[in-house]
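Input: a single structure, listed below in structure tokens.
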Amino acid sequence: MSSSTNPVKVGAFVLGGLALMLAVVLTLGANRLFSRRVPFVLYFADSVHGLTVGSAVKFKGVPIGTVTRIQVALREEGPQYIPVHVEVDEDLILSAAGEPVDIRDRAFVRQQVDKGLRASLELESFITGRLYVQFDYYTNAGPPEYRQKHGTDVEIPTRSTGLPEFLKSLERVDLAGMSQRINTVLEQLQQLLEGANIKQLTDQAGRTLHAVEGLVRSPELTNALVSISQAAEEATRLLADTRGQISPLAARLTNSIDRAALSLDELRQTAAELRQLISSDSPLMGELQAALAQFTEAASAVRRLADFLNRNPRALLTGRKLSETSP
């Protein structure tokens with residue numbers, strides 16, 4: 001006997017499924033549905049291998065958006081650039097005062113570009129090679145280069161980080177040969193360990209440690225350390241005594257040097273005064289020369305008198321005659 005289907009239950013089940021599906025859609029897409037996302041376009045001259053739709057867009061490591069589209073724009077001549085379209089969540093961009101910033105304003109974006117705002121490709125995972133777009137300010141960014149010929153999205157200039165060259169250098173690394181060499185080294189190490197007598201080495205190491213421990217605990221080493229400590233104390237006391245004896249001696253020597261310096265100064269002054277006295281233009285020298293001249297004249301007169309008396313000895317008794325010629 002078959003039971004009749006209840007249309008109310010079927011309708012309720014269908015409505016419940018639709019409500020659950022709507023809740024899942026709203027939950028998964030709430031950020032995109034209710035966030036204000038602003039599109040930008042970036043032109044990269046380097047390879048974008050590793051960058052995909054959905055890759056993160058970050059500012060100094062903080063996620064602020066995603067990559068929405070990657071295109072190929074062929075040019076007849078000149079370098080080729082890859083247009084990468086991104087969307088940035090406007091609600092995540094605030095001013096220093098915490099106020100919302102209108103990043104849709106082209107003049108505001110151009111002002112930030114003039115301050116050094118640039119986009120670049122950065123490595124998100126070394127293992128997977130996945131890339132992401134990094135926004136940051138660079139003081140040495142140089143003049144901005146705009147490559148957009150047509151389109152409505154605001155362009156933000158890019159800069160090269162040398163990441164593609166780094167990834168290419170990794171591709172040139174012989175990983176297979178490196179792995180083979182590592183395996184060879186490990187095999188040789190294993191053979192060395194297997195051929196060595198580990199137990200014998202362990203016993204020898206144990207005996208060595210035991211001998212070292214016995215030496216450390218031996219009375220001879222303890223006495224030697226005590227003797228060294230006592231000798232160090234004696235040397236310290238001797239140095240202190242020597243320093244105490246040297247200090248007064250140094251003071252007396254300093255006083256003697258000072259007195260000698262004073263005597264030398266006095267000697268220099270006396271020599272200067274003597275030099276001044278005996279100089280040719282000094283008054284004393286003139287008087288001395290006059291006295292010497294008078295003394296010479298007196299000596300000459302005495303010599304003439306002596307000659308006269310020698311010739312006329314009686315002159316002492318009779319006196320000098322007027323008829324005689326003077327000497």
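Just to verify a result, which residue in segment 115-143, among those that are surrounded by 15 or more Cβ atoms within 10 Å (Cβ to Cβ) and at pLDDT below 90, is nearest to Asp46 (Cα to Cα)? Looking at the filtered set, the residue picked out is Leu123. Restricting segment 74-100 to residues that are of a type outside the set (D, E, K, R) and free of Cβ contacts under 8 Å to residues at least 24 places away in the same chain, the residue that is farthest from Gly50 (Cα to Cα) is Ala97. All conditions but one from (1) more than 15 Å from Val38 (Cα to Cα); (2) assigned to a loop (DSSP other than H, G, I, E, B); (3) touching an Asp or Glu at 6+ places or on another chain (Cβ under 7 Å) apply to Tyr132; the one that does not is (2).
Scan Leu167, Leu201 and give me the residue that is more than 42 Å from the chain's Cα centre (by Cα), at pLDDT below 70 and more than 30 Å from Phe108 (Cα to Cα). Every option except Leu201 fails the conditions. Applying the condition of being of a type in the set (Asp, Glu) and modelled with pLDDT of 90 or more to segment 43-89 and asking which residue is surrounded by the fewest Cβ atoms within 10 Å (Cβ to Cβ) yields Asp89.
The values are calculated or read from the model by the stated rules, or taken from the named source; none is laboratory data. None of the values given here were measured: they were computed from a predicted structure. With ideal geometry, Cβ positions are generated from the backbone for all residues, glycine too; neighbour counts draw on all protein chains shown.
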